[in-house]
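The values are calculated or read from the model by the stated rules, or taken from the named source; none is laboratory data. Since we're looking at a predicted model, the values are computed, not measured. Cβ sites come from the backbone with ideal geometry, for glycine too, and all protein chains shown count toward neighbours.
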Amino acid sequence: MTLPPPLACPVAAMIPPPAPAYRGRFAPSPTGPLHFGSLVAAVGSYLDARSHGGEWLLRMEDVDTPRNVPGAADDILRALEAFGFEWDGPVLWQSRHSAAYAAALADLRQAGLIYPCACSRKEIADSATRPAVDGGLAYPGTCRAGLAPGRTARAWRLRVGAGETAFTDRLQGRQMQRLEADVGDFVLHRADGLFAYQLAVVVDDAWQGITDIVRGADLLASTPRQIWLQQCLGYPRPRYAHLPVAANAAGEKLSKQTHAPALDARRAAAELVRALRFLGQPAPAELASARPTEVWRWARQHWDFTAVPRQRSVIFPDQPENSA
Ligand SMILES: [Zn+2]
């Protein structure tokens with residue numbers, strides 16, 4: 001007679017499964033259809049995750065609801081599917097995750113790390129003396145010591161330090177900002193009542209257990225703020241790799257703002273080949289007329305992170321070289 005299998009030890013059952021060694025993500029904003037620039041970020045993060053035997057999660061960064069374009073999120077998901085991406089687990093929608101952002105904000109408030117700010121855009125423009133790293137103006141700290149009498153809170157800002165916030169990017173090398181001078185105390189809860197992107201992205205990366213962030217170098221200047229916020233919330237710091245962004249011949253980043261064309265899913269293989277070549281991977285031209293699964297087979301066998309250009313932007317032709 002065979003014995004039944006032993007019951008699982010109840011204590012062992014309470015121990016959470018080990019965190020994966022690698023969990024990456026792709027986090028598009030539904031402000032328009034998938035274009036070449038976002039495809040590059042998706043391909044780079046996907047192949048880096050899979051080449052590490054890691055997971056790859058999908059997050060819809062729709063926290064800035066006034067910027068969302070109706071139907072764009074569904075278009076992006078359909079395009080990713082047509083291009084042959086396979087993500088792990090359900091999609092995280094930031095617009096449905098407000099409770100987590102509110103809880104993080106409450107923790108920061110409890111710890112005295114955030115403060116209400118009454119400044120309008122114009123007041124900041126009139127009083128700021130330094131440009132911020134990503135355009136705009138560094139917040140001069142007007143409301144740091146408390147609101148002046150009769151002033152009404154509009155937004156909540158996070159105190160930043162005067163010292164260096166530094167990290168080493170896997171592609172771009174050592175990066176450093178002095179947040180107080182380079183950015184100033186930054187907004188986590190906006191005057192219009194919405195949670196700021198910086199808060200949502202940091203909370204979600206921790207909530208999803210992301211170990212590795214591979215994204216476009218246009219977000220390089222945001223990273224020290226995100227690292228500072230991770231430290232304030234006691235979150236672990238992921239590894240970072242900022243891919244070069246695709247620029248047009250005028251040196252402008254390909255984006256919805258520069259009217260980058262939407263990707264045609266009927267040309268998925270050709271677009272994947274273009275994205276691979278942009279990332280320094282010598283995908284054979286004949287793959288452009290193959291099926292996406294064949295491009296992925298080649299890409300997963302040949303992915304070489306060390307071949308990715310270590311630049312912030314690379315000029316890339318607007319038009320595909322290989323028409324399938
Ligand atoms: Zn203020």
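Filtered by the rule that a residue be part of a loop (DSSP other than H, G, I, E, B), in contact (Cβ under 8 Å) with a residue 60 or more places away in the chain and of a type in the set (D, E, K, R), region 121-170 gives Asp134, Arg170. Residue count for region 271-287 under the criterion of being crowded, with 23+ Cβ neighbours inside 10 Å and small (Gly, Ala, Ser): the result is 1. Within region 139-166, being surrounded by 19 or more Cβ atoms within 10 Å (Cβ to Cβ) and more than 16 Å from the ligand (Cβ to nearest atom) holds for one residue alone: Thr165. Checking Glu81, Glu61 one by one, the residue that is in contact with a helix residue (DSSP H, G or I) (Cβ under 7 Å, 6 or more places away or on another chain), more than 16 Å from the ligand (Cβ to nearest atom) and within 27 Å of Leu279 (Cβ to Cβ) is Glu61 and no other. Only one of the numbered conditions (1) more than 16 Å from the ligand (Cβ to nearest atom); (2) touching a strand residue (DSSP E or B) at 6+ places or on another chain (Cβ under 7 Å); (3) closer than 19 Å to Tyr197 by Cα is violated by Val69, and that is (2). Do the conditions hold for Gln226, that is, is it away from the ligand (no atom under 16 Å from the Cβ), without any contact (Cβ under 8 Å) to a residue 24 or more places away in the chain and part of a helix (DSSP H, G or I)? It is false that Gln226 is away from the ligand (no atom under 16 Å from the Cβ), without any contact (Cβ under 8 Å) to a residue 24 or more places away in the chain and part of a helix (DSSP H, G or I).
Counting only residues that are part of a loop (DSSP other than H, G, I, E, B) and not polar (S, T, N, Q), which one in region 110-120 is nearest to the ligand (Cβ to nearest atom)?
Cys119
Quick check on Leu263: is it in contact with a helix residue (DSSP H, G or I) (Cβ under 6 Å, 6 or more places away or on another chain), under 30 Å from Val187 (Cβ atoms) and surrounded by 14 or more Cβ atoms within 10 Å (Cβ to Cβ)? In short, no.
To keep it simple, each residue is scored yes or no on (1) more than 13 Å from the ligand (Cβ to nearest atom); (2) among the β-branched types (Val, Ile, Thr); (3) more than 30 Å from Gly89 (Cβ to Cβ).
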{"site": "Ala125", "(1), (2), (3)": "no, no, yes"}
{"site": "Asp134", "(1), (2), (3)": "yes, no, yes"}
{"site": "Asp185", "(1), (2), (3)": "no, no, yes"}
{"site": "Ile210", "(1), (2), (3)": "yes, yes, no"}
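Yes or no, residue by residue, for (1) closer than 17 Å to Gln208 by Cβ; (2) under 18 Å from the mean Cα position of the chain (by Cα); (3) at pLDDT 95 or above:
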site	(1), (2), (3)
Asp62	yes, yes, yes
Asn68	no, yes, yes
Ala72	no, yes, yes
Asp75	no, no, yes
Arg78	no, no, yes
Asp88	yes, yes, yes
Val91	yes, yes, yes
Ala99	yes, no, yes
Ala102	no, no, yes
